[in-house]
Amino acid sequence: MTVVVGCGAGFSGDRTDAAEPLVEALLRYDAPRALMFETLGERTLAAAQLARLRNPEGGDEPLLEAFLAPVLADCLRHGVTVLGNFGAANPLAAQRRVAEMARKAGVAGARIAVVQGDDVRDRMDSLDWQPWEGERRELPSRNEVVAANVYLGAEPLVEALSQAAQVVITGRVADPALALAPLRYHHGWAEDDWDRLAAGTLAGHLIECGAQVTGGYFADPGLKDVPGMARLGYPIVEVERDGSLVVTKPPGSGGIVSERTVKEQLLYEIHDPGAYVTPDVVLDLTKVEVRQTGRDRVAVTGVRGKPAPERLKTTLSFLDGYQGEAEISYAGPNALARAKLARETLRERLAMRCPKNLRSRFDLIGVSSVFDGDDNTWASPSHQASEDLRLRLAVEHNDRAVVELATQELLALYCCGPAGGGGVRRHHTPRLKTASFLVPRHQVTPTVTLYQGENA
């Protein structure tokens with residue numbers, strides 16, 4: 001038996017029209033089908049926690065309706081299970097929104113499961129914390145922490161599917177778990193069938209970033225050409241009971257699925273190919289084989305699994321001062337000289353007026369930005385002079401007033417010169433930082449709640 005999983009989003013902010021052709025393709029399969037939405041990153045979750053603090057009804061995925069509403073009715077009516085971590089910091093809020101979408105679509109009795117238990121902020125004092133890998137920060141106090149979320153595995157999602165859930169909403173789960181869960185459920189894989197769990201996790205890993213595996217992030221004109229970039233097809237993975245799998249995409253969509261696109265995504269975020277740790281299984285990718293079997297069809301075999309870890313990664317997000325950014329443009333003849341003068345003038349002004357512990361960075365966008373370091377190693381670039389530059393200032397300090405003062409100094413360049421500055425933009429935000437720790441698996445207790453019909 002084949003089980004088919006498509007990915008309709010690879011991050012919060014992804015294209016919101018990607019799921020429609022994907023669902024059309026899924027409906028052509030005579031097989032169990034699932035559609036996953038991976039929309040949650042570590043800082044995304046922290047921002048969601050802040051949103052929930054401001055509004056108790058907020059904190060879920062802001063683009064939930066845009067992602068899901070166009071396809072929800074078809075999925076519910078035709079047996080395509082939807083799984084998404086778009087619950088973020090408030091899975092119950094997401095459940096209410098999905099239930100309302102179902103009602104508006106005229107689908108009665110939608111079965112919506114909510115997975116909770118990843119949020120452990122209120123239990124921080126009772127958990128056995130251990131720093132994760134090279135983490136050097138001390139464990140922040142509970143009062144400092146905005147969010148504390150454990151990476152859950154597929155087990156509670158499988159439980160939700162066993163309760164006949166049509167939509168499964170989660171907070172923080174490991175990204176591949178969104179695909180592994182329907183594969184485990186339909187194939188009947190045991191929780192200690194490590195090789196097959198590894199195959200299912202690899203399937204999720206290959207599609208979790210959406211169009212990255214179908215040519216999007218792969219594209220590099222003249223070196224790695226990709227057709228139809230404006231209409232990229234999002235990925236589909238076909239997985240057999242023995243764990244063999246094929247990566248593909250909707251017929252007629254843009255992009256490509258090739259050995260090269262799959263290999264790039266295979267190695268994405270992998271530190272140790274012999275031990276890629278997830279909550280469900282530890283993957284050994286050293287014997288994986290990738291083979292083109294047809295147009296936009298790539299087979300992947302050879303992954304092996306090792307027992308799941310005894311501890312689960314937990315990300316703590318905490319406020320640590322404020323960050324400010326401000327920019328001004330210089331264009332036309334001698335623009336580079338004027339932009340450099342503005343930079344040095346601004347540097348002197350900040351030294352005169354701001355505390356010595358202000359962290360600052362100056363970028364000349366168009367000459368030195370992406371590859372320049374915080375120490376401005378390209379402070380005197382020998383590049384060809386540009387006639388269209390943007391001076392960017394980034395600062396960080398514990399006192400918001402200091403950050404505002406620093407960016408105001410860039411604003412003052414309007415009239416204080418040098419000549420021709422314009423298009424100033426500036427903003428200030430609380431500085432969110434993260435730290436990673438491990439907690440014992442047995443101290444984490446996921447829960448599954450099924451809502452249906454009027455109760456949804």
ask   = Of the residues that sit in segment 259-287 and are of a type in the set (A, V, I, L, M, F, W, C) and within 20 Å of Tyr217 (Cβ to Cβ), which one is modelled with the lowest pLDDT?
value = Ile270
ask   = Would a scan of segment 44-51 turn up a residue that is closer than 22 Å to Ser253 by Cβ, buried (at least 17 other Cβ atoms within 10 Å of the Cβ) and hydrophobic (A, V, I, L, M, F, W, C)?
value = no
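If you go through segment 418-449, how many residues are in contact with a helix residue (DSSP H, G or I) (Cβ under 7 Å, 6 or more places away or on another chain) and surrounded by 14 or more Cβ atoms within 10 Å (Cβ to Cβ)?
Just the residues of segment 418-449 that are in contact with a helix residue (DSSP H, G or I) (Cβ under 7 Å, 6 or more places away or on another chain), to begin with: 418-421, 424, 426, 428, 432, 434, 446, 448.
Okay, now just the ones that are also surrounded by 14 or more Cβ atoms within 10 Å (Cβ to Cβ), so 418, 420-421, 424, 426, 428, 432, 434, 446, 448.
Count: 10.
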ask   = Restricting attention to segment 216-257, which residues are in contact with an Asp or Glu (Cβ under 9 Å, 6 or more places away or on another chain), free of Cβ contacts under 8 Å to residues at least 60 places away in the same chain and at positive phi?
value = Gly255
query = Of the residues in segment 38-66, how many are within 15 Å of the chain's Cα centre (by Cα) and either outside any loop (DSSP other than H, G, I, E, B) or of a type in the set (A, V, I, L, M, F, W, C) (or both)?
reply = 10
inquiry  = Would you confirm, using the coordinates I've provided, whether Asp399 is modelled with pLDDT under 90, acidic (Asp, Glu) and not assigned by TED's automatic domain parsing to the domain that holds Ile112?
reply    = no
Subset of segment 53-70 that is crowded, with 22+ Cβ neighbours inside 10 Å and of a type in the set (A, V, I, L, M) - its residue that is nearest to Phe318 (Cα to Cα) = Leu64
inquiry  = So, Arg54, is that one out of contact with any His (no Cβ under 9 Å at 6 or more places or on another chain) and among the basic types (Lys, Arg) or not?
reply    = yes
ask   = If Ser244 satisfies every condition in (1) under 18 Å from Arg15 (Cβ atoms); (2) of a type in the set (Ser, Thr, Tyr); (3) surrounded by fewer than 19 Cβ atoms within 10 Å (Cβ to Cβ) but one, which is the exception?
value = (1)
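Please state which one of Ala102, Ala164 is closer than 28 Å to Asp30 by Cβ and assigned to a helix (DSSP H, G or I). Even if it seems obvious, please write down each step before you answer.
On the way: Ala164 fails: assigned to a helix (DSSP H, G or I).
Of the residues listed, the single one that is closer than 28 Å to Asp30 by Cβ and assigned to a helix (DSSP H, G or I) is Ala102.
Every residue in segment 96-133 that is among the acidic types (Asp, Glu) and in contact (Cβ under 8 Å) with a residue 24 or more places away in the chain, please. Spell out the reasoning first.
From segment 96-133, those among the acidic types (Asp, Glu) are 100, 118-119, 122, 125, 128, 133; that's our starting set.
Hits for segment 96-133 are Asp118, Asp119, Asp128, Glu133.
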note = Subset of segment 308-339, residues within 24 Å of the chain's Cα centre (by Cα), part of a strand (DSSP E or B), modelled with pLDDT of 95 or more and of a type in the set (A, V, I, L, M), comes to Leu312
ask   = Could you say whether any residue in segment 184-199 is in contact (Cβ under 8 Å) with a residue 40 or more places away in the chain and among the basic types (Lys, Arg)?
value = yes
query = Any idea which of Arg77, Arg28, Arg33 is among the charged types (D, E, K, R), under 29 Å from Val246 (Cα atoms) and crowded, with 18+ Cβ neighbours inside 10 Å?
reply = Arg33
remark   = Only unsatisfied item for Gly305, checking (1) in a loop (DSSP other than H, G, I, E, B); (2) buried (at least 23 other Cβ atoms within 10 Å of the Cβ), is (1)
task = Would you mind telling me which numbered condition in (1) over 28 Å from Thr170 (Cα atoms); (2) in contact with a Gly (Cβ under 9 Å, 6 or more places away or on another chain); (3) at pLDDT below 90 Gly453 fails?
result = (1)
key: The one condition in (1) touching a helix residue (DSSP H, G or I) at 6+ places or on another chain (Cβ under 6 Å); (2) within 30 Å of Arg137 (Cβ to Cβ); (3) surrounded by fewer than 20 Cβ atoms within 10 Å (Cβ to Cβ) that Asp320 fails to fulfil   = (1)
message = Kindly evaluate Leu312 against the criterion of being under 30 Å from Ala51 (Cα atoms) and of a type in the set (A, V, I, L, M, F, W, C).
response = yes
request  = Would you tally the residues in segment 187-218 being hydroxyl-bearing (Ser, Thr, Tyr), under 16 Å from Ile236 (Cβ atoms) and part of a helix (DSSP H, G or I)?
outcome  = 0
task = Looking at (1) hydrophobic (A, V, I, L, M, F, W, C); (2) under 20 Å from Ala48 (Cβ atoms); (3) assigned by TED's automatic domain parsing to the domain that holds Ser12, find the lone condition where Met124 falls short.
result = (3)
task = Test Val98 against the criterion of being aliphatic (A, V, I, L, M), closer than 26 Å to Ala148 by Cα and at pLDDT 95 or above, and give yes or no.
result = yes
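Could you check how many residues of segment 399-425 are in a helix (DSSP H, G or I) and under 21 Å from Ser360 (Cα atoms)?
From segment 399-425, those in a helix (DSSP H, G or I) are 400-411, 413-416; that's our starting set.
With under 21 Å from Ser360 (Cα atoms) added as a condition, the list becomes 400-411, 413-414, 416.
Qualifying residue count, segment 399-425: 15.
Among the residues in segment 357-377, are any in contact with a helix residue (DSSP H, G or I) (Cβ under 7 Å, 6 or more places away or on another chain), within 30 Å of Arg121 (Cβ to Cβ), in a strand (DSSP E or B) and modelled with pLDDT of 95 or more? Spell out the reasoning first.
Taking segment 357-377 first, the residues in contact with a helix residue (DSSP H, G or I) (Cβ under 7 Å, 6 or more places away or on another chain) are 358, 360, 362, 364, 367.
Filter again for within 30 Å of Arg121 (Cβ to Cβ), leaving none.
The answer is no; no qualifying residue exists.
The values are calculated or read from the model by the stated rules, or taken from the named source; none is laboratory data. Not measured: the values here are computed from a predicted model. Heads up, the Cβs are rebuilt from the backbone with ideal geometry, glycines too, and the neighbour counts pull from every protein chain shown.
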